[in-house]
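Laboratory data are not the source of any read-out in this text; all were calculated from the coordinates shown. The shown structure was predicted, so the numbers you read here are calculated from the model rather than taken from an experiment. All Cβ positions, glycine included, derive from the backbone under ideal geometry; neighbour counts span all protein chains shown.
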Amino acid sequence: MIRTVEAATLPRCFGTRHIGSIRGLVASINVGGTACGPLLFAAVFDRVGTYTPVLLVSALLPVAVAVWAAVAPEPRADLLDTPSDVSPSSTRDDTNLP
């Protein structure tokens, strides 16, 4: 479900001109979090002998993000790059076509 929300929200918030770069950055952050999460959990467990502190912080992070998303202002429409702002000649390079 999160990918569906992401696919609908990112173009609405940032436009479509650079959506590939934006989605690539989001994917990189997701992979980085997935890779670093177990290391963080292990380090906390080694330090305090229990997962409780890191589990509590991990449970509160989505709540904090939800609150932040609820109070964040909508992006201004005049700052978005929409497809009508981009001419076809600036988005394609037809010089190497047969």
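Name all residues of the range 49-65 having a backbone nitrogen under 16 Å from the label point set 7 Å from the Cα of ALA42 along its Cα→Cβ direction, giving them as ranges. Output list for this probe position: 49-51.
Rounded to the nearest 0.05, the FRET efficiency derived from the C-beta distance between VAL57 and ILE19 at R0 = 35 Å is 0.65.
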